[in-house]
Amino acid sequence: MNQNDSSHLPIARKTATLIGELRAYDVMLDGEVEGRVVAETFHQNPELPGVILHLQNGEVPYVGLSQREFLRQMTRPFGPEVFGRRPARLMVEESESRLIALSPEMDIESATAVCLRRDATNLYEPVLIDYGAHGARLLDFQTLLMSLSRLAELRARQMETILETVPSGLLLLDRNLRVLPGYSRSVEAMLGVRDFKDYLFADVLAGCLDSESARKACDYLQVLVNPGLIDRLIQSINPLHRVTVKQPSLTGETIDRYLAFQFQRIRQAGKIRQILVTVEDQTREVQLQRASEEASQRAEQRFRVLTQLAGADTKHLPLFLSGFQLFLHDAEQAIQQGVWGADNVALRRRCHALKGEAATLGLTVFRGALHSLEDRLVQPEGNLTFLVPLQALNETAQDLLRLGRRFAQSMKMEQMDEMAPDLAALSDVAQGAGVVEPKVGPEQAFRKMLEDVVKETANRFSKEVKMVFDGGFHQLKESHYFVLREVCQQLCRNAVIHGIEPPDRRLAVGKPRVGVIQVALRSHDGLIEVIVQDDGAGLNERVLREAAGYAADDPDAPDAGELIFGVGVSTASEISEDAGRGVGLDQVRARIIEAGGTIATHHESGRFCAFQILLPVESPAHETVNR
Amino acid sequence: MKLLIVDDSMVVRETIERTAHRPEIDEIYLAENGLCAVELFKQHYPDLVTMDLTMPGLDGLDCIEQIRALDESAAILVVSAINSHDTAMTAIARGACGFLTKPFTVAELNEALGELIAFRKGE
């Protein structure tokens, strides 16, 4: 007797899923043997469900004779006498029904279903597993049922494991929209609700969504059980395709989770029986999307910076960028050393001056960032986060300058000419970056810068102004250059904003339409003298007195020419990027005094205002040139 | 099957019409507003309707209601820029079977028409 011991099969280590993998019997006898031989076989092997008879001339090569059928026939009157001496195949022919023959490839569930459709008399008969030319085996029905039971148990365990571990939220709702048992564990974590089996799903959602989302969810759940709707054509109105769920975090704070719900209606016999709900936690995706958007904005800003840098005056840009970088470094130190805000007038002054330079160079991104920082410079305490936008700009500028240098190094000039003008200009800037001395000489650079300041400011304030330069200086120290550049820039900007009247008003008071700012540069007697004069409205004494805290008609109030240098004095009615914070002439004077010089005012109401600056050609011993 | 396309935009009507030329559809009717749609419906009793919601005169929601009163079996697809949950719920309550949100691609429209036809056939 052979029995296909499943432990010898190559796939025996896993739970059987096909009937060919189950333990079966292949006891085979010739169909012509007498019934008593079969009786002897069953006597010796009582556990056999039957024997396989090999037919010499039959329609099929093998038929099965179950022990039950054999005994049924043998116990009939004269059974042993009749069948004991006749060929065993006749017992099969006498039988009212044949054993079911199935392929070894048939799965256990299907085979069981086929067997269970047999009538009650034959329900427990074995199954003939037909291997075709390779023979046949008999499978006990009890073995089949037990294997089905093991398989069901395994599947239940597997399902449990899946539901415990699957990251997706999976749950089933019945027709009444109640949660069926056996949902994935991750749903509880996603919703922040535990053990909600048998609850109405709308109630579960109401516990974790805001009231409006919960209301929409409730409506949509009712839509899902409406048979008059087309499954795929209601997905677009799913209000839960992305919803925010607020949950307490481990640290006690409330965190937002972004969940995506999908619903699938399960039909049986055309009727909606269940609804499969899948939930995905998209928090990470949403965070990545936001990070991507931020990165995109940064890239856009980098592009703007590139465009502005490339379009800026290539002579002054390196100077500005080196000043900007140094300012950032000093601002960082000021924050770390706790000398911020009111304690650090010099820093405020530099910020203001840099902002003016940025405006002149058309670097609006830099101007905006410096303007925002200026607001923060009046706060009592500094924070390194204040500098983040400026550091980003600095990094971008430095990156782009490096890129420009590489272009410059790798390309011949004729190639550069063929390139986009912006990139070519960037290369020019990059080549000049870090070089403090302007290529055209300090005096021309100085004039050009002031012209640019005046032109840009006048445009923004709708004024018409002409610059006139007089004289020149022959020896300009680097430190003086920086001081005068900063101071004159501020004075010229002030002249445009506060001094020069709008064209209509000038005409109304009998002045030429175009205002004039005159800058005179002289070197004499060991001094550098600079005069910045405008033919505007002069100083408004009443306004300046009030701004400085004096009564408008106070006879003891200092002269307007003195008041204008007061700390925090501003006559601008609104804070703009150009004026209004009272950070201006007080710092101009401080800068001049710091450089060992003096500044004086001459003015006449309605006619002019002039600032006279005197700086020694030689720097005082204490001066430190920190550029 | 007969299809009635209701939309006040000629571009949308013609886009749907072009896409709707398929073996299952024998006749196509076009209506540029709700009143015209109801009249055409009474004459031809189409099996399928694509319905815009925002139209002058009789709007889509009212039009769905009137068509549903005439024929319970017509399959009505709302083709509109659905930006309100409550509007969608009202459309369903009045008898819409599904939604195709504007703007749509031809592939999406084609797929939606396929679903609508299958639904009408009872598949």
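Values quoted throughout were computed directly from the atomic coordinates according to the rules given, and no laboratory measurement underlies them. The structure presented is a predicted model; accordingly, all values stated were derived computationally and were not measured. Cβ: placed from backbone, ideal geometry, glycine included. Neighbour counts: every protein chain shown.
What the table below lists for this structure:
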{"quantity": "Selected from A:Gln222, A:Leu328, A:Gly31, residue furthest toward positive end of dipole (the protein assembly as shown; charges at beta carbon)", "calculated": "A:Gly31"}
{"quantity": "The range A:79-104 versus the range A:212-226: alpha-carbon centroid distance in Å", "calculated": "64"}
{"quantity": "Shielding by partners, peptide A:217-225 (average Cβ within 10 angstrom, other chains)", "calculated": "2"}
{"quantity": "Sequence-distant residues sharing a close amide H with A:Ile528 (under 5 Å, placed H)", "calculated": "A:Leu615, A:Val617"}
{"quantity": "Cβ-derived FRET efficiency at R0 41 Å, A:Glu212 paired with A:Ile593, nearest 0.05", "calculated": "0.05"}
{"quantity": "Simple Cβ-charge dipole of chain B, Lys/Arg +1 and Asp/Glu -1, about Cα centre, in debye nearest 20", "calculated": "100"}
{"quantity": "Extension gain from A:Glu478 to A:Gln398, taking 0.36 nm per residue of separation minus the Cα-Cα distance", "calculated": "26.5 nm"}
{"quantity": "Sorted by Cβ neighbour density within 10 Å, fewest at the top, the residues A:Asp231, A:Asp535", "calculated": "A:Asp231, A:Asp535"}
{"quantity": "Sum of side-chain charges, A:Arg265 neighbourhood, beta-carbon under 13 Å (Lys, Arg +1; Asp, Glu -1)", "calculated": "+3"}
{"quantity": "Backbone HN-Hα couplings from phi across the range B:101-116 [Karplus 6.51/-1.76/1.60, Hz, Gly and Pro as x]", "calculated": "8, 7, x, 10, 8, 4, 4, 5, 5, 4, 5, 5, 5, x, 5, 5"}
{"quantity": "Extension gain, A:Val509 back to A:Glu294 (0.36 nm per residue minus Cα-Cα distance, nm)", "calculated": "72.1 nm"}
{"quantity": "Over 32 Å (Cα to Cα) - which of A:Lys197/B:Lys102; A:Lys197/A:Lys271; A:Lys455/A:Lys477; A:Lys216/B:Lys102 fall in this group", "calculated": "A:Lys197/B:Lys102"}
{"quantity": "Approximate spin-label separation A:Met106-A:Gln262, in nm, with each point projected 7 Å along Cα-to-Cβ", "calculated": "3.6"}
{"quantity": "Distance between modelled label sites at B:Thr54 and B:His21, nm, 7 Å Cα→Cβ extension", "calculated": "3.1"}
{"quantity": "Kirkwood Rh and Cα Rg combined as Rg over Rh, evaluated for chain A", "calculated": "1.40"}
{"quantity": "Charge-dipole axis of chain A as Lys and Arg at +1 and Asp and Glu at -1 on Cβ define it, positive-most pick from A:Ile599, A:Phe303, A:Ala508", "calculated": "A:Phe303"}
{"quantity": "Percent RCO, i.e. relative contact order, over the range A:1-159, from Cα pairs under 8 Å lying at least 6 residues apart", "calculated": "27"}
{"quantity": "Cα-projected label distance for A:Glu160 with A:Val225, points at 7 Å along beta-carbon direction, nm", "calculated": "3.0"}
{"quantity": "For the range A:320-363 versus the range A:478-495, the gap between their alpha-carbon centres in whole angstrom", "calculated": "15"}
{"quantity": "Between the range A:105-133 and the range A:142-176, the Cα center-to-center distance that results, in Å", "calculated": "24"}
{"quantity": "Positive-pole candidate from A:Val532, A:Gln268, A:Pro80, dipole of the protein assembly as shown, charges at beta carbon", "calculated": "A:Pro80"}
{"quantity": "Neighbour-limited loop hits for chymotrypsin sites (Phe, Trp or Tyr not before Pro), the range A:73-128 (at most 12 other Cβ within 10 Å; DSSP other than H, G, I, E, B)", "calculated": "A:Phe78"}
{"quantity": "Lys, Arg +1 and Asp, Glu -1 on Cβ, resulting dipole of chain A about Cα centre, debye, nearest 20", "calculated": "1080"}
{"quantity": "Average Cα contact separation per residue, chain A, under 8 Å, 6 or more apart, as relative contact order %", "calculated": "7"}
{"quantity": "Amide H contacts under 5 Å for B:Ile28, placed H, 5+ residues apart", "calculated": "B:Leu3"}
{"quantity": "Gained length - A:Thr244 relative to A:Ala120, 0.36 nm times residue gap less alpha-carbon distance", "calculated": "38.8 nm"}
{"quantity": "Helix-only [θ]222 nm of chain A, DSSP H runs n ≥ 4, -39500 (n - 2.57) each, per residue, nearest 500", "calculated": "-14000 deg cm²/dmol"}
{"quantity": "A:Ser605/A:Ser372 FRET efficiency (R0 35 Å; Cβ-Cβ; nearest 0.05)", "calculated": "0.45"}
{"quantity": "About the Cα centre, charge dipole magnitude for the range A:128-268 (Lys/Arg +1, Asp/Glu -1 at Cβ), debye", "calculated": "260"}
{"quantity": "Pairwise FRET efficiency - A:Arg284 versus B:Ser84, Cβ, R0 = 22 Å, nearest 0.05", "calculated": "0.15"}
{"quantity": "Counted charge near A:Arg506, where neighbours are those whose Cβ lies closer than 14 Å (Asp, Glu -1; Lys, Arg +1)", "calculated": "+1"}
{"quantity": "Relative contact order of the range A:259-358, pairs being alpha-carbon contacts under 8 Å that are 6 or more residues apart, as %", "calculated": "16"}
